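Visitor: Just dropping this structure here.
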Amino acid sequence: MITYPPCKINIGLNIINKRTDGYHNIESVFYPIPFFDILEINVATAFSFSSSGLPIHGDKKNNLVVQAYEILKTKYNIGPVKIHLHKRIPMGAGLGGGSADAAHTITMLNQLFDLKLSTSLMETIALSLGSDCPFFIEDRAKFVTGRGESMTPSPIDLKGYYLYLINPGVHVSTKAAYAAINYAPNPDKLEVAIQVEDWKNKVYNQFELPIFKLHPSIRKIKETLYNMGAVYASMSGTGSTVYGLFKTEPKLLELYNFEKIRLL
């Protein structure tokens, strides 16, 4: 069985406060985009996990895909599987690729072993793996609050836009990003049910200010996208990926490696 976990961009990201459990309350719109990893899972006689594509550092047992399998194995006594992950979405990039891989592992195992788990139960299991994970159970645009567990459908539709994703290869630590955040409330409550062309001066990612200070090259990418004619540009999540939305296809960028996606 093969699936294609997508990534997401954040349209606005407000950090409300730090919770007593150590997590943070946020508000953001998560929007799935068609830039994928490739995940294959098959029933096997013994468990195995392998990967290709972009290198995945660290012990395999700490990979979210493996952890998702171990949770379902413990809860539902499922059998061994062979898992292969082809990694295309960069890590530490604010795109949620690892979270998507974990969520799709849950949905695939649910199908493979006919567990008949509800969407809400799979989202609860996914939340135990990470705050972004529940979103990828359904892969639909959603307004997200709390630590990521509260989701409502969003009317945002970016069909017809050209999306440019630029990743400068800088790994931004989520922990360091939260440590640098200023908890002063954003005077503009996140409201993105408006024209995309109005977002530039109303929809912000609060991580940009501290991350741009740490990594001026990321700020330069955002400026470049606006200079190219983007109707909206923003850093996604805690970075380092920056995206730009264009009404018409812009000229090719020469200074950066990028992914160009027509949102259909």
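What follows is calculated from the coordinates using simple rules that are stated; it is not laboratory data. All of these numbers come straight from a predicted model, not from anything done at the bench. Ideal geometry is used to build each Cβ from the backbone, glycine not excepted, and the neighbour counts take in all protein chains shown.
Visitor: In the chain, which longest range has no GluC sites (Glu not before Pro) that are both DSSP loop (not H, G, I, E or B) and surrounded by at most 14 other Cβ atoms within 10 Å?
Guide: Values: sites that count: 191, 254.
Formally, the longest exposed-site-free interval is 1-190.
Visitor: For labels at residue 195 and residue 47 in the simple 7 Å Cα→Cβ model, what's the distance in nm?
Guide: Between residue 195 and residue 47, the label points sit 5.4 nm apart.
Visitor: Now for a different question. Loop only by DSSP, 14 or fewer other Cβ within 10 Å of the Cβ. Give me the trypsin sites (Lys or Arg not before Pro) in the range 35-131 that pass, ordered by residue number.
Guide: 116
Visitor: Related question: Nothing charged except the Cβ atoms of Lys and Arg (+1) and of Asp and Glu (-1): what's the magnitude of the dipole of the range 1-119 about its Cα centre? Round to the nearest 20 debye.
Guide: 120 debye
Visitor: Follow-up. Taking the range 2-153, how much of its Cα-Cα pair set, in percent, is spaced more than 24 angstrom apart? Let's see the in-between values first.
Guide: Numbers: 3478 of 11476 pairs.
Of all Cα-Cα pairs in the range 2-153, 30 percent lie more than 24 Å apart.
Visitor: Then there's this: Separation of the range 22-55 and the range 86-138 by C-alpha centroid, Å?
Guide: Cα centres, the range 22-55 to the range 86-138: 6 Å.
Visitor: Taking 0.36 nm per residue of separation and subtracting the Cα-Cα distance, what length does fully extending residue 176 through residue 209 add?
Guide: So the chain would gain 10.6 nm between residue 176 and residue 209.
Visitor: Can I ask one more? Tell me the label-point distance for the pair residue 76, residue 263, using the 7 Å Cα-to-Cβ offset, in nm and rounded to one decimal.
Guide: Between residue 76 and residue 263, the simple spin-label model gives 3.2 nm.
Visitor: Using helices alone, I'd like the mean residue ellipticity at 222 nm for the chain: each DSSP H run of four-plus residues gives -39500 (n - 2.57), total over residue count, nearest 500.
Guide: -7000 deg cm²/dmol
Visitor: Okay, next question. How much net charge surrounds residue 49 when only other residues with a Cβ under 10 Å from its Cβ are counted (Lys, Arg +1; Asp, Glu -1)?
Guide: Summing Lys and Arg as +1 and Asp and Glu as -1 gives +3.
Visitor: Using +1 at the Cβ of each Lys and Arg and -1 at the Cβ of each Asp and Glu in the chain, identify which of 63, 126, 170 lies farthest towards the dipole's positive end.
Guide: 170
Visitor: Applying a 10 Å radius around every beta-carbon, put 229-240, 97-108, 14-25 in order of their mean neighbour count, most first.
Guide: In decreasing order of mean packing, 229-240, 97-108, 14-25 become 97-108, 229-240, 14-25.
Visitor: May I pose another question? Could you tell me whether the range 55-143 comes out rounded, prolate or oblate from its Cα gyration tensor? Rule is a ≥ b ≥ c as square roots of the eigenvalues, rounded for a/c under 1.5, then prolate if a/b exceeds b/c, otherwise oblate.
Guide: Oblate.
Visitor: If amide hydrogens are placed 1.01 Å from N in the peptide plane, which non-local residues have theirs closer than 5 Å to the one on residue 142?
Guide: 30, 154
Visitor: Could you give the size of the charge dipole of the chain about its Cα centre, using +1 on the Cβ of each K and R and -1 on the Cβ of each D and E, expressed in debye and rounded to the nearest 20? Walk me through the numbers on the way to the answer.
Guide: Numbers: 27 positive and 23 negative charges, 68 e Å.
Dipole of the chain, to the nearest 20 debye: 320 debye.
Visitor: Follow-up question, since we're still on this one. Mind running the shape call on the range 1-52? Use the C-alpha gyration tensor, a ≥ b ≥ c as the square roots of the eigenvalues: rounded below 1.5 for a/c, prolate if a/b tops b/c, oblate otherwise. Walk me through the numbers before you get to the answer.
Guide: Working: a/c = 4.49, a/b = 1.86, b/c = 2.42.
Verdict is oblate for the range 1-52.
Visitor: Exceeding 28 Å between C-alpha atoms, which entries from my cross-link table qualify? They are 82/175; 8/220; 61/220; 87/200; 18/213; 18/73.
Guide: Listed pairs above 28 Å: 82/175; 61/220; 87/200; 18/73.
Visitor: Kindly state, to the nearest 0.05, the FRET efficiency for residue 60 paired with residue 251, given R0 = 41 Å and r defined as their beta-carbon distance.
Guide: With a Förster radius of 41 Å, E is 0.45.
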